[in-house]
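> Here it is: the structure, laid out below.
Read-outs: derived from the displayed coordinates by stated rules, not from any lab. Just so you know, these numbers come straight off a predicted model, no measurement behind them. Counting neighbours? That spans all protein chains shown, and the Cβs are built from the backbone with ideal geometry, glycine included.
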Ligand code: PRP
Ligand code: URA
């Protein structure tokens, strides 16, 4: 079974408070989501392997460590996942970015795919799937299905807020996928929104409604 990491860093908790607050406008919301994504990326990449190279400081030659030939793919689930891309790219600027477009049908609550454009070599890459919200888990499970159908072998999922139902759905469908969440909230409401949550992540990021 893969791991579920729930962050307890004070900076993440602090920023998440203002992300949740309904009085936070889109500009600040976007900035905070970028900042939290960057902070989460620090932990998400913790197990990246290192190798030694030789360099010269102004004083002497030395062997020093660099990340070992990692090929990373960052995969935002459209739309709201876009809000997490910049933070992750700040940490891993050479990553390729693939997009999976899904929306949750408001009637059936089932994910519908409308776009998919991925790096060609996704089977060789460590993929970091981004979506602020893991509610029923339908979107994340479907996105990971698409990625696996197209050859992906190494996938981790990074979300700001998850409901227990969503975590369980991903664990059941994809037991090989590590899940990183900034907060594990209480429950889903009758419209499958996360409570207490932050509302509609896409609308708050992009100022739509
Ligand atoms: C939201 C969110 C997730 C999905 C989570 O997207 O960004 O993708 O819902 O719900 P689930 O776990 O029950 O599938 P939405 O469908 O609202 O689309 P958007 O990102 O375009 O706003
Ligand atoms: N999608 C959102 O944007 N928010 C939720 O709480 C659930 C799904």
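> I need 75, 179, 67 ordered by Cβ neighbour count within 10 Å, fewest first.
Details: 75 30, 179 24, 67 13.
Starting with the residue having the fewest Cβ neighbours, the order is 67, 179, 75.
> State, as an integer percentage, the relative contact order of the chain based on alpha-carbon contacts under 8 Å between residues 6 or more apart.
Details: 406 pairs, mean separation 47.7, N = 209.
Taking the mean separation of contacting Cα pairs over the length of the chain, I get 23 percent.
> Something else about it: Taking just the C-alpha trace of the chain, give me its Rg and Dmax in Å.
17.6, 66
> From the P(r) of the range 120-209, could you give the percentage of C-alpha pairs in the tail past 19 Å?
On the way: 1579 of 4005 pairs.
Every Cα pair in the range 120-209 considered, those over 19 Å come to 39 percent.
> Sort 174, 14 so that the residue with the fewest other Cβ atoms within 10 Å of its own Cβ comes first and the one with the most comes last. Spell out each step's value before the answer.
Numbers: 174 20, 14 12.
Result, fewest neighbours first: 14, 174.
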